Amino acid sequence: MEFHTALLVASHNHVLMQLASVIRASMRAFFELTTHLGSRHEQALHLHGAIVEAVRLRQPDAAKAAIARILETAVSDLHGGDGRLYDLAERETDKIRSDCFQ
């Protein structure tokens, strides 16, 4: 989570910073849902490293491309298999939304 918080701060995007708690809660739920996908973990680490390198080199297009690949992988994970993971994610997202907006 510290990685993502650092990116939020570095973005200087006040809207994203205001949404930081919602973003963290959503990511925490997603991590819990996908921890059993071990091979994806290695791929995610590689892609996160690509983001760090792109930010370090001030290459926004490369950073955006790496982020897009991470999001594509996340969508694939949620829709993969027999759909149970997607259903669980949908229930967890509803629960998070309810907790955040009470």
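The values are calculated or read from the model by the stated rules, or taken from the named source; none is laboratory data. As the structure is a computational prediction, the values presented were derived from the model and not from experiment. As a convention, Cβ positions derive from the backbone with ideal geometry for all residues, glycine included, and neighbour counts pool all protein chains shown.
To keep it simple, each residue is scored yes or no on (1) at pLDDT below 85; (2) surrounded by 13 or more Cβ atoms within 10 Å (Cβ to Cβ).
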{"site": "SER26", "(1), (2)": "yes, yes"}
{"site": "ALA63", "(1), (2)": "no, yes"}
{"site": "ALA66", "(1), (2)": "no, yes"}
{"site": "ALA74", "(1), (2)": "yes, yes"}
{"site": "LEU88", "(1), (2)": "yes, yes"}
{"site": "ARG91", "(1), (2)": "yes, no"}
Per the filter on region 10-19, residues surrounded by 12 or more Cβ atoms within 10 Å (Cβ to Cβ) and either under 21 Å from LEU47 (Cβ atoms) or of a type in the set (D, E, K, R) (or both) are SER11, ASN13, LEU16
Take the conditions part of a helix (DSSP H, G or I), at pLDDT 85 or above and touching a Cys at 6+ places or on another chain (Cβ under 6 Å) and apply them to VAL55. Does it pass?
no
